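Only the coordinates and a few stated rules stand behind these numbers; no lab work does. These numbers were taken from a predicted model, which means no experiment stands behind them. Positions of Cβ are generated from backbone atoms using ideal geometry, with glycine treated the same way; all protein chains shown enter the neighbour counts.
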Amino acid sequence: MNCKYCQSENIIKFGTHNEVQRYYCKDCKRKFVEGSLPRMRTPSKVVASAVGMYYGGMSLDAIQRQVQQDTGKHYSEVAIYKWITRFTKQAIAKTKDFKPEVGDVWIADETGIDVHTRRRDIWFWDIIDAKTRYLLASHISISRTTEDAQELIKQAIVRAGKVPKVIITDKLRSYIDGIKYTSDQIEHIQSKPFVTENSTNKIERFHGTFKDRIKVVRAFKNMTTARLLTDGWLIHYNFFKEHEALNNTPPVHAMGLNIPIRDWNDIVSPQKQIVVTKQVAPESTGSFFRPLTIEQTKRQQLRLKVRQSVQRHAVKKRLKRQQIKQRQVERQQRKIQPSLSIVRLKGMR
């Protein structure tokens, strides 16, 4: 056993606390418990189990009850949520350089999700590999523009280290220019309803799985939280979640790669300092993206001006409605006040 702070082997037993053996490091002069994390008293297996349950679809309240049942100890929902955000960030950092082995046909789509700080839905964009079901990239935006489609495709190309031959999408117009402006090497196929060939059914099924997870959340707290937890879901889906169409294996293991992580224990455990990397043949990502022509740049600028004008008009209409409501409230208050004064005078008589 090594010290969980300095990894030194110069440790001794240091009594027990609640029947749990404690240890003391002679080098860094710190006490710790086997299996726990630095600056945390909770065993790493309990933390990993809670994170896995969260991305598996359980609410914080249900996780709290389950952990209390398993350990006999009470942990607040705030503490559990802090575990989730902390180790989601670690998982993102450990897997950011991973290069998957994917096919040449990708499927892209978008769906709406709720955020408390916004009056309307925000859009969750995602793109998966049709062969391995690997979720290549996700993007969150407040609009469905060509620029949003471009951002999604660029992220996927950088992650995969290659340009696909085909991208299948629905009829959303943003994909037409988004794919054309990103690379001229990609064939764009728009799927038709009620067909099996060149269909977006696979990514629609993924959206069903994703919605099953977030329905217990009801709405994300803000855009930052939405981005963090959707990125965590991306890791959970690619590395840990079993897929029936892939013989009950996660998309990463279906590629035949020897990945050193199997579940959230490998992310959380202090003894396992794992960074998932897979080197591929060096390829210039700059050649993937075709620079825009002057005409295309002008079209994008024109669309941006139109969109900004529409947004300003919507803000003015919203402010006008608020002013009208405020005036109506003031009129009602003025009507009520004279009647109250008459009642008081009658009472004085």
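Some observations on this one:
- Shown here for segment 87-153: trypsin sites (Lys or Arg not before Pro) in loop regions (DSSP other than H, G, I, E, B) with at most 13 other Cβ atoms within 10 Å, namely 96, 119, 120.
- Annotation for residue 305 and residue 197: the two label points, set 7 Å from Cα along the Cα-Cβ direction, are 4.5 nm apart.
- FRET efficiency, 1/(1 + (r/R0)^6) with R0 51 Å, evaluated for residue 17 and residue 297 via beta carbons: 0.15
- Sparse packing (at most 10 other Cβ atoms within 10 Å of the Cβ) combined with a DSSP loop state is found for the following GluC sites (Glu not before Pro) in segment 171-268: 197.
- With a simple spin-label model that places each label point 7 Å from the Cα along the Cα-to-Cβ direction, the separation between residue 66 and residue 79 comes to 1.8 nm.
- For segment 195-242, the set of trypsin sites (Lys or Arg not before Pro) satisfying both a DSSP loop assignment and a count of at most 14 other C-beta atoms within 10 Å is given as 215, 218, 221.
- Exceeding the 19 Å Cα-Cα cut-off - candidates 154/192; 45/73; 82/241; 45/221; 171/192: 154/192; 82/241; 45/221
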